[in-house]
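Input: a single structure, listed below in structure tokens.
What follows is calculated from the coordinates using simple rules that are stated; it is not laboratory data. Owing to the predicted nature of the structure, the values given are computational and were not obtained by experimental measurement. A quick note on method: Cβ atoms are made from the backbone with ideal geometry, for glycine too, and the neighbour counts reach across all protein chains shown.
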Amino acid sequence: MVIMYEGEPISVPKEVAEFLEQDRKREQAEAKRDQRHLSKGELETVLSPKSYCLYSLDDLAIRSLRLENLRKAVAGLDKTKQELIQLRYCEGLSLEKIGAIRGVSKVAISKQLKKAHKELRSSVW
């Protein structure tokens with residue numbers, strides 16, 4: 001899938017995009033819950049710029065580094081694996097459709113994707 005990172009689109013595995021989307025939804029739900037349960041005076045106190053932050057700077061730095069590492073790992077894949085990641089996660093094609101495009105079976109595509117995932121995991125984590 002393609003996500004925006006520091007104003008640039010990058011390709012990431014579907015699992016990473018889903019994790020980031022769930023995290024964003026969790027943040028929104030927490031913000032809504034805080035707004036519903038606080039009076040205006042309390043809300044102004046709690047949400048003052050100095051006292052309220054969803055993430056610590058350390059958490060944000062770690063998250064940014066992970067995304068940068070993922071971006072580098074995807075860029076470090078050979079062109080064939082990058083194309084597989086693009087077709088599967090950015091364009092959302094099924095294994096069957098990718099196999100038809102590449103002239104191989106869906107089992108072969110599945111094995112190739114597993115190898116790409118393994119390579120990404122070893123590069124990122």
What distance in nm separates the simple spin-label points at I101 and Q28, each placed 7 Å from Cα in the Cβ direction?
2.9 nm
If you scale each eigenvalue of the Cα gyration tensor by 5 and take the root, what three semi-axes come out for segment 59-125, rounded to whole angstrom and sorted largest first?
26, 11, 9
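Could the peptides 13-24, 81-92 be put in order, highest first, of the mean number of other beta-carbon atoms found within 10 Å of their residues? Present the calculation step by step, with values, prior to reporting the outcome.
On the way: 13-24: 13.8, 81-92: 17.2.
Sorting 13-24, 81-92 by mean packing, highest first, produces 81-92, 13-24.
Which pairs break 18 Å Cα to Cα here: K25/K118; K14/K81; K72/K111? Before the final figure, lay out each step's value.
Details: K25/K118 28 Å; K14/K81 15 Å; K72/K111 22 Å.
Violating the 18 Å limit, Cα to Cα: K25/K118; K72/K111.
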